[in-house]
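Worksheet: one structure, shown below.
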Amino acid sequence: MARRKSCTLAEIVKRFGGELIGKGAVRVHQVAALESAQAGHITFLSQSQYLPQLVGTRASAVIVGPEARDATDLPRVISDNPYAYFAKVSNFFNPPIPVKGGIHRSAVIEKTARIAKSASIGPCAVIGKNVRLGARVVIEAGCSIGEDVTIGDDTRLHANVTIYPRCRIGVRCLIHSGVVIGADGFGIVKEEGIWKKIPQIGRVVIGDEVEIGANTTIDRGALDDTILEDGVKLDNQIQIGHNVRIGAHTAIAACVGIAGSTKIGKHCAFGGAAMIGGHITIADHVTVSGGTVIMKSLLQPGTYTGIFPSALHQNWLKNASHLRRLDELVEKIHELERRLATPARRQS
Amino acid sequence: MARRKSCTLAEIVKRFGGELIGKGAVRVHQVAALESAQAGHITFLSQSQYLPQLVGTRASAVIVGPEARDATDLPRVISDNPYAYFAKVSNFFNPPIPVKGGIHRSAVIEKTARIAKSASIGPCAVIGKNVRLGARVVIEAGCSIGEDVTIGDDTRLHANVTIYPRCRIGVRCLIHSGVVIGADGFGIVKEEGIWKKIPQIGRVVIGDEVEIGANTTIDRGALDDTILEDGVKLDNQIQIGHNVRIGAHTAIAACVGIAGSTKIGKHCAFGGAAMIGGHITIADHVTVSGGTVIMKSLLQPGTYTGIFPSALHQNWLKNASHLRRLDELVEKIHELERRLATPARRQS
Amino acid sequence: MARRKSCTLAEIVKRFGGELIGKGAVRVHQVAALESAQAGHITFLSQSQYLPQLVGTRASAVIVGPEARDATDLPRVISDNPYAYFAKVSNFFNPPIPVKGGIHRSAVIEKTARIAKSASIGPCAVIGKNVRLGARVVIEAGCSIGEDVTIGDDTRLHANVTIYPRCRIGVRCLIHSGVVIGADGFGIVKEEGIWKKIPQIGRVVIGDEVEIGANTTIDRGALDDTILEDGVKLDNQIQIGHNVRIGAHTAIAACVGIAGSTKIGKHCAFGGAAMIGGHITIADHVTVSGGTVIMKSLLQPGTYTGIFPSALHQNWLKNASHLRRLDELVEKIHELERRLATPARRQS
């Protein structure tokens, strides 16, 4: 989000495609939501439920789908995927801050680290032995990068990220504050009632264009590596156990936990606070609803859900109490079936 | 929690009200729990279930409600809200450490930052361009404060907090270690199977007297701001998605997640690990029980619950298996009803 | 994980016991998983389900249980607990990095801190007044250790850990990055609709040989202390509320929350994302399954579960809808029972 520029709607259509309807000369300089947009803003309509807000918007222009081409008189762009179109326009008006290469005087860098001249190292960041940082890598304040870590070109670490030794991170990744990559997996074994630690000698290997949200943790493998393939998008406070593999272009919402050794397919989507058990396999193109616990492999694509429906507390109390005795209820139904199966005259 | 002082019970009653029974001259210097209190301590009884512990307490004085006025012979204060009274006494004996203004020599401060002389900046803290810190603000070790952030008077950040650029925090807030405020919301859009990032250009705006627990994350808005109103209290490891608004004086226990664009009313209370879906509205004065998933708007005040009742594993196995086939059970009941509705003689 | 050494299988058996079958002279230098092992590696089989992988392994040697003694021709060790045996071998090949005592020039140490000469303080670490650090303690980069904290011999804090004042940590503990120990418990009391803070004046007291995973938070006690006994093992992103006590040798998987004042027994095990309510008691030797919410005391050992079974979304919709009306279903069953209890001829 560097500096603002302004341009005409016609220039936007020239750059990003779509059909222009109305005054192409209208100038816009920023994106905004339907309700808070002002003159000079371009907004978008992605779902018909927001049509009422479209009517009242003060934006100068709007991006809509074909079904809404006549829903407004504003200068507009018609696009098959208005939300994706909007994303492009937003990226155009809000480009990443250009990286000024250089190492802050308070950063602590081991001599054997190899850091591209175009990389930027912030105050009080600590870079370990043999670390390699690619072109235009940004390491913000207070980050700690362990020995032998490799980070690819154009990857940015926000402040206070910790990377343990030997992990590898690809190009164009974005890692938010408080993330911990490569801490020990939870490998313990009981011997005579006492838990003994098992050394965690694998790494974390992260592909290209991966985003990792604030305070997410990704454990290093016990023996082999924990792997995130290209294009994986993780929200905040996600926990990835040791030896997990997450397939390319899978998106995971906040507060999800994935237990050790589980293999997740490509193009999956997990809703917030879904919990995925260990040592299972999730196929490609599986969607897991938020709040759902998955304990067994899901080998077919589809959407899976398991949420206890919420209710007013007094209603929940009743239903929960029945649920606890569901076994008895089933037995009663069987008994009723047995009695109905016998001749009617014997019932009395 | 600076220094200790001692005072008499009569002085406490003079300062904080309530009815004194027994020796007002007894001196106390600290608060304590019923069971661990010693001579010189003042304790309290807030729930009748702890009456047995009251009998055995070694405290010098006690705060009780009217219903327990005769439950002890100890010097005591009668108060309608013994727990709130106790809180006042505890705050009196354990005042915040007075702030010594000053900037540690190892802190890194941009020249354009405007920092009150009475503010305190700890070791290795990093303060960005144009940051404004009010009177008596405390920024502890290792915090990173991004460009253009504003923090109001008397707000304290414990060690290793990260605030992203442009966020605003009110007066008298308390922010615990590991908190990340203003990281990007999880804004992605799929185009030809690939997730594209949407710039997150909103801010986080936090009111006055807000407390935020350790390792909690609050994402910046996508277009508009994420907002916490005055007096909101957040426990640890809470996740607040982009564009959420939390009404004044709402309290949220640990491990709660609130997905993007959800609006929470004032005076709500959420139990631990409650999970609140995105794009919904929660009315004022709603209570959500711990462990409950809320996926739809709650427009009426009340307490809402949705917890799967736990049981011994073998019992759970049975009930879960019935639950999976609940649809069949319902069909069986309907069949039984149909059969009973037909004349008895035809049943055989 | 310092340097590699190699040794013969016979030497391993001499050191760690077990029965040697096959060529004792084979040399190994590292542990590995069945599938990824190469020549020079020793692997293990702990569960019969992995027998197929045993057949194809390229390892030079393997550790197996008595039941699998003839399942391979490889040089092998027979052990009653192959996984524990493997852990010992792994610890042998991957010993902790020896600690080089010394204080990095960028660390900030209060004069009154007492630090063993053999302790190691990393870059930008901050050590408060009167802190005591035992022999061979390691404090990595960016850690913040509050006033009056005591840390026992051989304990290691990875980068960016925060310990609040007055907490105590035992010997041989391992604390991962992002952990926050001793932040205020969530102690608030409502007075005229406004939440007031209650000072949290207890400490966190942690025993010996405790491991704490990345970004886990452990709150200080309100009045008394929060206590973790010896040998407790905590995974990542766990939240421990104020005044919780966790018994010795209890192991807790990631994303678990334990609400305030709850007492957990010894030798318990909690699966990932289990949520334990406040003010309850869990007996020794209790196992709680992952994803389970526990709201009442569990006074008998055993395994407790409460997971809503997941299903394809359309099936879940049906079952959830029935579940919401479980009370009606129960009433229907009762009605059927009543009707069947009356003489058959009256039914028509």
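No lab work stands behind these numbers, since they all come straight from the coordinates. Since the model is a prediction, treat every value here as computed from it, not as a measurement. Cβ atoms come from the backbone with ideal geometry, glycine included; neighbour counts cover every protein chain shown.
Numerical summary
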quantity	calculated
All-pairs alpha carbon distance profile, the range A:194-301, 10 Å steps from 0, percent	17, 53, 25, 4, 0
5 angstrom amide H check on A:PHE270, placed H, neighbours 5+ away	A:ALA251, A:ILE252, A:ALA253, A:VAL288
Hz values of 3J(HN,Hα) by residue in the range A:257-264 - Karplus curve (6.51, -1.76, 1.60), Gly and Pro given as x	x, 10, 6, x, 6, 7, 10, 9
5 angstrom amide H check on C:LEU298, placed H, neighbours 5+ away	C:THR281, C:ILE282, C:ALA283
Antiparallel DSSP beta bridges within chain B, as percent of all bridges there, nearest 5	10 percent
Peptide B:265-273 - average C-beta neighbours from other chains (10 Å radius)	4
P(r) tail fraction, the range B:18-97 - alpha-carbon pairs more than 17 Å apart, %	38 percent
For A:HIS29, label point 7 Å along C-beta direction: distances to other copies, nm	6.4, 6.5
Estimated FRET transfer efficiency (B:SER321, B:ILE188; beta-carbon r; R0 30 Å; 0.05)	0.20
Rg over Rh [alpha-carbon atoms, Kirkwood Rh] for the range C:76-117	1.36
In the range A:131-239, the GluC sites (Glu not before Pro) that fall in loop regions by DSSP, at most 11 other Cβ within 10 Å	A:GLU192
The range B:97-222: proportion of alpha-carbon pairs further apart than 19 angstrom, %	44 percent
Relative contact order of chain C, defined on C-alpha pairs under 8 angstrom at six or more residues apart (%)	7 percent
Test item: Cα-centred dipole of the protein assembly as shown, Lys/Arg +1 and Asp/Glu -1 on Cβ, debye	1040 debye
Cβ-vector label at 7 Å, C:HIS313, separations to other copies in nm	3.2, 3.2
Residue-averaged beta-carbon neighbours from other chains (10 angstrom radius) around A:96-105	1
Lysines whose Cα lies under 17 Å from that of B:LYS196, excluding same-chain neighbours fewer than 8 positions away	A:LYS88, A:LYS233, A:LYS266
Radius, Kirkwood style, for the range B:114-170 when every pair of distinct Cα atoms is counted (Å)	10.6 Å
Estimated vicinal HN-Hα couplings, Hz - the range B:8-17 in sequence order (Karplus 6.51, -1.76, 1.60; Gly, Pro = x)	8, 4, 4, 5, 4, 5, 4, 7, 10, x
q = 0.09 Å⁻¹: log10 I(q)/I(0) that the Debye formula gives for chain B, counting C-alpha atoms only	-0.70
For C:ILE103, residues with placed amide H under 5 Å, excluding near neighbours	C:ILE121
Percentage, to the nearest whole number, of Cα pairs in the protein assembly as shown over 50 Å apart	27 percent
Relative contact order (%) - criterion: Cα under 8 Å, at least six apart; region: the range B:1-158	16 percent
FRET E, pair B:LYS23, A:PHE92, Förster distance 51 Å, beta-carbon r, rounded to 0.05	0.10
³J(HN,Hα), Karplus 6.51/-1.76/1.60, whole Hz, each residue of the range A:79-90, x for Gly, Pro	9, 5, 10, x, 5, 5, 4, 4, 4, 5, 5, 5
Estimated dipole of the range B:144-251 in Debye, rounded to 20 [Cβ of Lys and Arg +1, of Asp and Glu -1, Cα centre]	240 debye
Rh by Kirkwood over Cα pairs, then Stokes-Einstein D for the range A:1-41 at 1.002 mPa s and 20 °C, µm²/s	193 µm²/s
Those lysines that a straight Cα-Cα span of less than 21 Å connects to B:LYS129, excepting residues fewer than 8 apart in one chain	A:LYS100, B:LYS111, B:LYS117
The range C:239-346: Cα Rg divided by the 2.2 N^0.38 Å rule of thumb	1.55
At 7 Å out from Cα toward Cβ: B:ARG325 inter-copy label distances (nm, ascending)	2.2, 2.2
